[in-house]
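Comments concern the structure below.
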Amino acid sequence: MRTTEKQCIAGFSLTEVTISVGIVAAVVLPLIAMLAGSSGTAVQSKDRFAATHLTRSIEGQFRYSQKKDAFVLEGDSTQQGMVNHLTLLNPPGPGGSSHAYLGYDRSARFVREIEEEEFEAGLDPSEKEVFYLAGIEIASSSDGFSTSLDAPSLYRVTISVGQPAFTAQKNRTVATLTTLVSAQ
């Protein structure tokens, strides 16, 4: 008489493998998504920091030149983001304001002056050199703001730096700084 032996081979069933793959996917996929999101946040944080730094840099270069009777950006062009000399705006009359728009690259180096329409609508995406757009507004002291000083030559200067340059103004991440400057 012949006997048949059944061999038992140790292993996992298809159901067990399917359940374990599902558990691993449920744990690993959110971790991968979190890592991808954090790298995007790091880039945004770096860009915001650079925009804030650029705002402060522009403020440091901003001066009134009595010789030119205009506001100028003056700096050492060998330093990062510095303009050697750029005449921006004549002081506005009573109740008025003046605007200037500038383009900077991703390293916060001055590239060129920007037209108001380009500043508001955003640059053509094919123009990859300009990443940050800076808007400078100068308002005279009789333009609705008050100070404890009664100085007719005192101007409110608002510097706003936004990025990315190819998006419309309302969709940009913006760093803004407001200060008072004397035209004397």
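The values are calculated or read from the model by the stated rules, or taken from the named source; none is laboratory data. This is a predicted model, so every value here is computed, not measured. As a convention, Cβ positions derive from the backbone with ideal geometry for all residues, glycine included, and neighbour counts pool all protein chains shown.
Is there a residue in segment 13-32 that is modelled with pLDDT of 85 or more and either under 30 Å from K128 (Cβ atoms) or touching a helix residue (DSSP H, G or I) at 6+ places or on another chain (Cβ under 8 Å) (or both)? Among the residues of segment 13-32, at least one is modelled with pLDDT of 85 or more and either under 30 Å from K128 (Cβ atoms) or touching a helix residue (DSSP H, G or I) at 6+ places or on another chain (Cβ under 8 Å) (or both), which makes the answer yes.
Tell me, yes or no, whether segment 47-55 has at least one residue that is among the charged types (D, E, K, R), within 20 Å of Q169 (Cα to Cα), part of a helix (DSSP H, G or I) and modelled with pLDDT of 85 or more. So that I can check it myself, show each step before the final result.
Here is the first cut: in segment 47-55, the residues among the charged types (D, E, K, R) are 47-48.
Still in the list and also within 20 Å of Q169 (Cα to Cα): 47-48.
Cutting the leftovers down to part of a helix (DSSP H, G or I) gives us 47-48.
Restricting the remaining residues to those that are modelled with pLDDT of 85 or more gives none.
No, segment 47-55 contains no residue that is among the charged types (D, E, K, R), within 20 Å of Q169 (Cα to Cα), part of a helix (DSSP H, G or I) and modelled with pLDDT of 85 or more.
Among the residues that make up segment 60-72, is at least one of them part of a helix (DSSP H, G or I), within 30 Å of T167 (Cβ to Cβ) and modelled with pLDDT of 80 or more? Even if it seems obvious, please write down each step before you answer.
Just the residues of segment 60-72 that are part of a helix (DSSP H, G or I), to begin with: 60-61.
Add one more test, that the residue is within 30 Å of T167 (Cβ to Cβ), and what stays is 60-61.
Imposing the further condition that a residue be modelled with pLDDT of 80 or more reduces the set to 60-61.
Within segment 60-72 (the criterion being part of a helix (DSSP H, G or I), within 30 Å of T167 (Cβ to Cβ) and modelled with pLDDT of 80 or more), the answer is yes, since at least one residue qualifies.
Just one of the listed residues (G162, G135) is surrounded by 16 or more Cβ atoms within 10 Å (Cβ to Cβ), closer than 21 Å to K46 by Cβ and at pLDDT 85 or above, namely G162.
Taking the criterion of being in contact with a strand residue (DSSP E or B) (Cβ under 7 Å, 6 or more places away or on another chain) and not charged (D, E, K, R), the residues of segment 109-133 that qualify are F110, V111, I114, F119, V130, F131, Y132, L133.
For residues that are part of a loop (DSSP other than H, G, I, E, B) and modelled with pLDDT of 85 or more, tally how many sit in segment 81-105.
In the first step, residues of segment 81-105 are kept if they are part of a loop (DSSP other than H, G, I, E, B); the result is 81-84, 90-96, 105.
With modelled with pLDDT of 85 or more added as a condition, the list becomes 105.
Going through segment 81-105 one residue at a time, the tally reaches 1.
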